[in-house]
Amino acid sequence: MDALITRRDFLGSTLLASGAALLGGASPAELLADRDEFTGYGGVGEYSTSNGNTLQVLRDGHSIRDGLYDPLPKEIVDAGESYDCVIIGGGISGLAAALFFQRQASREMKCLVLENHPIFGGEAKQNEFLVEGQRLIAHQGSAIYQLQYPFSFLARFYDSIGLKAPKLTYQKWAGGQPELVLSRTPYEAAGLEHGQYGFWFGARFGHKPGMWLIDPLGKNLEGAPISQATRVEWLRWLRVQPVEEKKFEHPKVEGDAISRYLDSITLEQHYMERFGLSRETVRTLLSPVEGGGSGLGPDALSAYSDYAYEMLHPLADETSGTDQMFPGGNTIIARLLVKSLNPAAIDGPNDVEGVSRNIVNSSVLDASGSKARIRLSSTAIAVQHDGDPSKASSLTIAYLKESKLYRVRARSAVMAGGSWTTKHIVKDLSATHRDAYAQFYRSPCMMANIAMRNWRFLYKMGMSGCRWFEGIGNYMEVRKLALTGIESPTINPDSPIVLTLKVLYSYPGYSTEEQGNRGRAEMMRTSFREYETRIREQFTEMFGRAGFEAQRDIAGIILNRWGHAYLSPQPGFFFGRDGTPAPREILRNAPFGRIAFANTDLAGAMDHRYSILEAKRAVEQLLDQVLT
Ligand SMILES: Cc1cc2nc3c(=O)[nH]c(=O)nc-3n(C[C@H](O)[C@H](O)[C@H](O)COP(=O)(O)OP(=O)(O)OC[C@H]3O[C@@H](n4cnc5c(N)ncnc54)[C@H](O)[C@@H]3O)c2cc1C
């Protein structure tokens with residue numbers, strides 16, 4: 001356990017130089033001061049210096065929060081640039097905003113995107129490993145997309161950026177061994193219905209060493225170390241069988257009576273009502289994984305958060321389900337957006353294969369002649385009207401790049417960076433908007449990508465995926481990958497793969513805000529080395545008896561720490577409480593002076609489709625009401 005994972009296949013590993021001694025009693029601030037202990041290994045390729053929120057991004061973010069640049073210092077450099085629109089944030093929402101602006105504004109109008117990370121994409125980025133000579137790719141955050149109705153706005157938008165065949169083709173099983181059913185996404189648990197999935201119960205359930213229950217559904221949970229009453233409840237949940245007398249109807253349209261009722265209670269209450277679960281079952285067996293994908297446990301969330309995604313009505317596909325995923329998740333959508341904005345930004349054709357295989361030409365992203373410039377490693381720290389917001393004809397935007405402060409002028413701005421920075425950097429925001437943003441709580445998530453030389457140990461146990469209820473992470477899946485940008489069209493137990501652990505932080509009983517703060521502190525305080533050790537110990541405990549050896553089988557680990565990963569909507573977030581308007585509506589209804597608001601968090605649901613739709617609305621508001 002003490003030996004470091006060998007990374008002889010990797011270039012540029014930084015971890016090896018770091019010392020465990022640094023961990024002893026170190027405060028979060030001390031750990032943050034050490035890049036290696038925070039960042040760890042970043043992989044190879046274009047994303048190797050941008051895994052999760054970088055330390056520099058965190059430091060710059062904290063300097064905004066702590067008011068270090070209030071008021072703006074005199075020595076700020078005037079970049080001498082003026083834009084029709086400056087867009088804060090180069091995630092899918094900011095990039096989509098730039099594209100809508102480019103397509104819909106007059107031909108002479110120019111925009112600038114300011115993005116604080118070293119590469120664009122926001123939560124839609126990927127990690128790359130080189131293992132046994134193969135390039136392995138996995139998502140850092142945003143993973144799946146859905147098939148849309150062919151003539152819907154989203155389907156036409158995908159098509160317009162080069163995603164012309166959204167239904168993807170995936171790796172096939174190869175080799176002589178009998179096939180296991182594999183998922184296409186991290187969330188599918190395809191093995192569960194086929195008896196090829198396992199639940200692991202450890203010390204929390206009185207088992208040390210822990211025990212496996214393979215095929216928990218087929219075995220009706222017989223053998224699980226839980227009471228008969230819990231077994232009955234949990235089976236109802238796993239089989240999605242609501243209690244008889246509580247016939248449940250999903251919301252049909254946003255704002256209907258069902259959705260409003262759901263928004264008035266917590267997700268925990270809803271699970272208890274719908275599935276007849278006890279609070280203890282929710283907290284022991286479901287939390288935080290079944291938190292509606294919103295970061296925290298269901299006790300803190302609006303029940304409607306579990307259904308908000310359904311309101312985009314994806315196209316049901318009977319043969320293969322609706323969810324699709326590129327090997328690196330929605331990274332490809334961000335890359336297609338950039339290629340559409342500036343064809344020279346990535347060589348090759350404007351299609352999925354083109355942007356998967358070719359690298360970004362960083363030098364042209366911010367070329368002065370471009371109508372849509374993208375400036376990376378640039379943190380916006382202040383956005384302010386030049387005068388009274390209701391009358392001003394321009395804005396001043398200050399940003400930090402390589403520890404230097406600059407300012408540019410703009411006729412309008414789209415805030416697409418997310419609630420947690422927007423509320424700090426729009427300096428003259430009205431009290432009403434400020435109050436609205438104060439009701440947005442975001443919580444952390446760490447995505448740990450673990451490159452494996454093979455997955456024979458899982459195969460030997462007859463599992464393609466599994467779930468556990470203590471320790472680090474909660475579940476993982478062997479994924480068959482879409483055939484885009486990867487080398488092997490087939491997969492078998494000897495194939496190198498990446499397993500992804502999603503680490504969520506929930507503290508049932510605490511408020512939404514407090515849960516987020518505690519989770520962030522825990523995630524930021526824990527060093528790379530500590531997390532690496534925990535992952536290796538967890539795997540050894542769970543799979544050691546099936547032949548897993550950390551030193552031999554794990555080829556490398558990348559941690560993607562997202563400090564403000566998810567919006568965690570509390571009850572009342574979506575439709576307001578006691579007759580007061582919902583906070584998101586205040587921000588969406590109209591621009592504030594020359595500033596419009598985007599980012600997926602305004603929808604209350606973390607989904608790249610909302611990133612696009614919120615961007616469209618924000619840009620159209622500026623074109624309709626602000627830019628003459
Ligand atoms: C772990 C995880 C899994 C997810 N899985 C899925 C999924 O499977 N499918 C799906 O559709 N969605 C998923 N999402 C949701 C994801 O948020 C969206 O898909 C989408 O990527 C969000 O894009 P965005 O542009 O709205 O926000 P972001 O991606 O957060 O982009 C905002 C960007 O602005 C930058 N920024 C913020 N403040 C500033 C500033 N002051 N100056 C400069 N830059 C700034 C941020 O650092 C970031 O790069 C997931 C999210 C997470 C965290």
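At a probe radius of 1.4 angstrom, the accessible area of segment 274-340 per residue rounds to 26 square angstrom.
Grab the Cα-Cα distance for Glu179 and Asp386, subtract it from 0.36 nm times how many residues apart they are, and report the gain in nm with one decimal. The partial results should precede the final answer.
Numbers: separation 207, 0.36 × 207 = 74.52 nm, distance 6.50 nm.
Value of the extension gain: 68.0 nm.
Computed from backbone phi with θ = phi - 60° and the Karplus coefficients 6.51, -1.76 and 1.60, the 3J(HN,Hα) list for segment 414-431 is 10, 8, 10, x, x, 4, 6, 9, 4, 5, 8, 8, 7, 6, 9, 4, 6, 4 Hz; x is used for glycine and proline. Evaluating 6.51 cos²θ - 1.76 cosθ + 1.60 at θ = phi - 60° for every residue in segment 451-457, the Karplus couplings come out as 7, 10, 6, 6, 10, 4, 4 Hz, glycine and proline recorded as x.
Each Lys or Arg adds one and each Asp or Glu takes one away; over the other residues whose Cβ falls under 14 Å from the Cβ of Gln177, this sums to +1.
Computed from point charges on the beta carbon alone (+1 for Lys and Arg, -1 for Asp and Glu), the dipole magnitude for the chain about its Cα centre is near 640 Debye. In order along segment 121-136, the Karplus-derived 3J(HN,Hα) couplings, from 6.51 cos²θ - 1.76 cosθ + 1.60 at θ = phi - 60°, round to x, x, 6, 9, 10, 10, 10, 10, 10, 10, 10, 6, x, 9, 7, 9 Hz, and Gly and Pro are given as x. For Lys219, the aspartates and glutamates whose Cα comes closer than 14 Å to its Cα, not counting residues fewer than 8 places off in the same chain, are Glu193.
Placing unit charges on each Cβ (+1 for Lys and Arg, -1 for Asp and Glu) gives the chain a dipole about its Cα centre, and among Ser378, Ala303, Val232 the Cα reaching farthest toward its positive end belongs to Ser378.
Computed in the context of the full set of protein chains, the accessible area of segment 450-586 at 1.4 Å probe radius has 47% of its extent on carbon or sulfur.
Compared with the dominant principal axis of the Cα atoms in the chain, helix 331-341 is inclined by about 20°.
Under 14 Å of direct C-alpha separation, and excluding same-chain neighbours fewer than eight residues apart, Lys164 reaches these aspartates and glutamates: Asp351, Glu353. Rounded to the nearest 500, the helix-only mean residue ellipticity at 222 nm of the chain stands at -7500 deg cm²/dmol, with each DSSP H run of n ≥ 4 adding -39,500 (n - 2.57). Put a dot 7 Å past the Cα of Glu222, heading toward its Cβ, do the same for Ser152, and the two dots end up 4.3 nm apart.
Within segment 326-428, what whole-number % of the accessible surface is contributed by carbon and sulfur, with the 1.4 Å probe and all protein chains included in the calculation?
On segment 326-428, the fraction of accessible area on carbon and sulfur atoms equals 49 percent.
Quick one: compute the contact order of the chain, relative version, from alpha carbon pairs under 8 angstrom and 6+ residues apart, as a percent. Provide the component values of the computation, followed by the final result.
On the way: 1351 pairs, mean separation 150.6, N = 628.
That works out to 24 percent.
How long is the gain from Asp351 to Glu280 if the chain were fully straight, where each residue apart is worth 0.36 nm and the alpha carbon distance is subtracted?
Taking Asp351 through Glu280 to full extension adds about 20.7 nm, to one decimal.
For the chain, the cysteines with no partner cysteine C-beta closer than 4.7 Å are Cys445, Cys466. Magnitude of the charge dipole for segment 165-232, about its Cα centre and with charges confined to Cβ atoms of Lys, Arg (+1) and Asp, Glu (-1), is about 180 debye. Taking a straight line from the alpha carbon of Lys208, these aspartates and glutamates sit under 18 Å away, with near neighbours fewer than eight places off in the same chain left out: Glu470, Glu537, Glu541.
Hey, got the dipole for segment 252-402? About the Cα centre, +1 on K and R Cβ, -1 on D and E Cβ, debye to the nearest 20? Around 660 debye, computed over segment 252-402.
Between Lys427 and Val253, full extension at 0.36 nm per residue minus the direct alpha carbon distance yields a gain of 59.0 nm.
The values are calculated or read from the model by the stated rules, or taken from the named source; none is laboratory data. This one's a predicted model, so the numbers in the text were calculated from it and none came from an experiment. Virtual Cβ from ideal backbone geometry, glycine too; neighbours counted across all protein chains shown. These area figures cover heavy atoms from the full protein model, side chains too; ligands, DNA and RNA do not enter into them. Shrake-Rupley method; radii C 1.70, N 1.55, O 1.52, S 1.80 Å.
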